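Q: Got a structure for you, written out below as structure tokens; questions coming shortly.
The values are calculated or read from the model by the stated rules, or taken from the named source; none is laboratory data. Note that the coordinates shown come from a computational prediction; the quantities given were computed from them, not determined experimentally. Note that we place each Cβ from the backbone using ideal geometry, even for glycine, and neighbour counts take in every protein chain shown. In case anyone asks, the SASA skips ligands and DNA or RNA and just uses the protein heavy atoms, side chains included. Shrake-Rupley method; radii C 1.70, N 1.55, O 1.52, S 1.80 Å.
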Amino acid sequence: MTIPEEIKFYLNKPVAIIGAGVSGIALSELLKKLNIEYKLYDEKAGHEAERSFDSYTAKEHDLIVYSPGFPSDHKWLVDAKKAGCALLGELDFASLFWKGKIIAVTGTNGKTTITSFITRSLK
């Protein structure tokens, strides 16, 4: 797997992963495989995550990749924007590595049902 050109510019400093849930840990595994430095942050702190993130901490990073669970007005993301960091959601980041087509299912209700339907239809 190669590193997409779109993000190489942002890899002079460790990538900040905001959110240490299932997808945040999967992202950390991807970055490990690519030998990309990263630091994991989560308010609830688990795994190797730091519990705090502020405008000072944001300056340690050029790229912030955040969990879908973080609202765009979350203080950590606001601090990162003010510090001049590039911000990408986990799905946006992951899509840079995928060369196939993407089907996105969004919304609050019915995602599992429609995803199962799409999976069966495509099979």
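Q: Which ones in region 67-90 are hydroxyl-bearing (S, T, Y) and either in contact (Cβ under 8 Å) with a residue 60 or more places away in the chain or touching an Asp or Glu at 6+ places or on another chain (Cβ under 7 Å) (or both)? Working first, answer last.
A: So the first thing to find is which residues in region 67-90 are hydroxyl-bearing (S, T, Y), and the list is 67, 72.
Residue satisfying the conditions is S67 alone.
Q: I would also like to ask the following. Show the residue pairs meeting these rules: Cβ distance below 7 Å; 6+ apart or different chains; first residue within region 91-106 and without any contact (Cβ under 8 Å) to a residue 40 or more places away in the chain and under 19 Å from I7 (Cα atoms); second residue surrounded by 10 or more Cβ atoms within 10 Å (Cβ to Cβ) and of a type outside the set (D, E, K, R).
A: Correct list of pairs: L91/P68.
Q: Pairs needed: first member in region 44-60, assigned to a helix (DSSP H, G or I); second member anywhere, open to solvent by less than 100 Å² (accessible area, probe 1.4 Å) and at pLDDT below 90; C-beta distance under 8 Å; at least 6 residues apart or different chains.
A: T57/E50
Q: Take the residues of region 90-107 that are in contact with a Ser or Thr (Cβ under 8 Å, 6 or more places away or on another chain) and surrounded by 11 or more Cβ atoms within 10 Å (Cβ to Cβ): which is modelled with the highest pLDDT?
A: Let us first name the residues in region 90-107 that are in contact with a Ser or Thr (Cβ under 8 Å, 6 or more places away or on another chain), namely 90, 102, 105.
Imposing the further condition that a residue be surrounded by 11 or more Cβ atoms within 10 Å (Cβ to Cβ) reduces the set to 90, 105.
Numbers: E90: 91, V105: 85.
Per the stated criteria, the residue is E90.
Q: Okay, moving on. Can you name every residue in region 29-43 that is in a loop (DSSP other than H, G, I, E, B) and either under 20 Å from G84 (Cβ atoms) or not acidic (D, E) (or both)?
A: Start the filter on region 29-43 by keeping residues that are in a loop (DSSP other than H, G, I, E, B), which leaves 34-37, 42-43.
Within region 29-43, L34, N35, I36, E37 qualify.
Q: For region 60-89, enumerate the residues that are of a type in the set (D, E), under 21 Å from I36 (Cα atoms) and surrounded by fewer than 16 Cβ atoms within 10 Å (Cβ to Cβ). Spell out the reasoning first.
A: Step one: list which residues in region 60-89 are of a type in the set (D, E), which gives 60, 62, 73, 79.
With the extra rule that they be under 21 Å from I36 (Cα atoms), the set shrinks to 60, 62.
Scanning region 60-89 gives a single hit, E60.
Q: Got a number for residues in region 1-28 being open to solvent by 80 Å² or more (accessible area, probe 1.4 Å) and part of a helix (DSSP H, G or I)?
A: The initial filter retains those residues of region 1-28 that are open to solvent by 80 Å² or more (accessible area, probe 1.4 Å), namely 1-2, 5-6, 8-9, 12, 22.
From what's left, part of a helix (DSSP H, G or I): 5-6, 8, 22.
Residues in region 1-28 being open to solvent by 80 Å² or more (accessible area, probe 1.4 Å) and part of a helix (DSSP H, G or I): 4 in total.
Q: May I ask you to say which residue of S121, S28 is within 25 Å of L11 (Cβ to Cβ), among the polar types (S, T, N, Q) and out of contact with any Ser or Thr (no Cβ under 8 Å at 6 or more places or on another chain)?
A: Numbers: S121 fails: within 25 Å of L11 (Cβ to Cβ).
Within the list S121, S28, the selection yields S28.
Q: Open to solvent by 40 Å² or more (accessible area, probe 1.4 Å), among the hydroxyl-bearing types (S, T, Y) and either within 24 Å of E6 (Cβ to Cβ) or modelled with pLDDT of 95 or more (or both): is that true of S55 in this structure?
A: no
Q: While we're looking at this one, here's another question. Among the candidates V78, V65, V105, which residue alone is outside any loop (DSSP other than H, G, I, E, B) and out of contact with any Phe, Trp or Tyr (no Cβ under 8 Å at 6 or more places or on another chain)? Give the steps one after another, and end with the answer.
A: Numbers: V65 fails: out of contact with any Phe, Trp or Tyr (no Cβ under 8 Å at 6 or more places or on another chain); V105 fails: outside any loop (DSSP other than H, G, I, E, B).
The match here is V78.
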